[in-house]
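Heads up, the thing below is written out as structure tokens.
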Amino acid sequence: MTTAPGIRAQGALVRLDPDTGSPTFSITFQFNPAAVRRTLQPAVIGGQTGGHSESMRFTGAPNETFALEIELDAYNDGLPPKVAGGGDGLYPVLYALETLIYPPSDAVQKQQQRLDAGSMDVAPIPTPPVLFVWGGNRVVPLALQSFSIVEQSFDLGLNPLRAVVSLGARVLSYSDMVAGTPAYSRYMTYQKGKESLALTGKGTPPPV
């Protein structure tokens, strides 16, 4: 994914079909967050202090998390036309974000129908992958872990007109997914992109 020169990229969350990997809908940020906090924790075993323990070894990809705030303002441009011209305030965009962490109601109803019919093989509803898109160098599958909303202004019908959404998410790596799935491939592309850019950031080792 690339961005044309001179055009400011907009961050987005994109929900994917779990079977095909095709986007089902996207939520483009009205304003890019001023900060994105990333935390990485290596996944290793060994290397304990003392006792001549075995050397450290990787057990998988690092645990990587993101935290960011999304600002929404119904008085400014950047919202979908139907939202900007509608009478529901920011509810359509807020609920589009919220449904990323809801199982679809039709899937819930079908599951309940199977339970009512006595089916014994009803499994939990799988969560569709969500991509965090932040420019051309960061397109990564996520699992949303925390979600809070502060609604700050309302119209006469008490529809929110300004809001700040705080999101916390964990990157879904190859350690979390089945090889060959679309989201697995997305993560491998993300890591290979890191490795490619890292080559340009490495200097010549000093003499030791």
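The values are calculated or read from the model by the stated rules, or taken from the named source; none is laboratory data. This one's a predicted model, so the numbers in the text were calculated from it and none came from an experiment. No Cβ is skipped: glycine too gets one built from the backbone with ideal geometry, and neighbour counts run over all protein chains shown.
Applying the condition of being under 14 Å from the mean Cα position of the chain (by Cα) and touching a residue at least 60 places away in the same chain (Cβ under 8 Å) to the range 27-43 and asking which residue is nearest to Leu172 (Cα to Cα) yields Val36. Among the residues of the range 134-181, those identified as over 20 Å from Phe25 (Cβ atoms), among the hydroxyl-bearing types (Ser, Thr, Tyr) and either touching a residue at least 12 places away in the same chain (Cβ under 8 Å) or in a loop (DSSP other than H, G, I, E, B) (or both) are Ser146, Ser148, Ser166, Ser173, Tyr174, Ser175.
Hey, among the residues in the range 85-116 that are surrounded by 11 or more Cβ atoms within 10 Å (Cβ to Cβ) and of a type in the set (D, E, K, R), which one's nearest to the chain's Cα centre (by Cα)? The selected residue is Glu98. Selection of the range 141-158 for residues being over 17 Å from Tyr102 (Cα atoms), surrounded by fewer than 16 Cβ atoms within 10 Å (Cβ to Cβ) and not small (Gly, Ala, Ser) yields Val150, Gln152, Phe154, Asp155, Leu156, Leu158. For the range 184-202, state whether one or more residues are crowded, with 17+ Cβ neighbours inside 10 Å, free of Cβ contacts under 8 Å to residues at least 24 places away in the same chain and not charged (D, E, K, R). Checked against the condition, which is being crowded, with 17+ Cβ neighbours inside 10 Å, free of Cβ contacts under 8 Å to residues at least 24 places away in the same chain and not charged (D, E, K, R), the range 184-202 yields at least one hit.
If the condition is being modelled with pLDDT of 95 or more and of a type in the set (Ser, Thr, Tyr), then the range 116-157 contributes only Ser148. If you go through the range 120-133 one residue at a time, do you hit one that is outside any loop (DSSP other than H, G, I, E, B), touching a helix residue (DSSP H, G or I) at 6+ places or on another chain (Cβ under 7 Å) and at negative phi? Yes, because at least one residue in the range 120-133 is outside any loop (DSSP other than H, G, I, E, B), touching a helix residue (DSSP H, G or I) at 6+ places or on another chain (Cβ under 7 Å) and at negative phi.
For the range 73-115, the candidate set comprises residues that are of a type in the set (S, T, N, Q) and part of a helix (DSSP H, G or I); within that set, the residue that is modelled with the highest pLDDT is Thr99.
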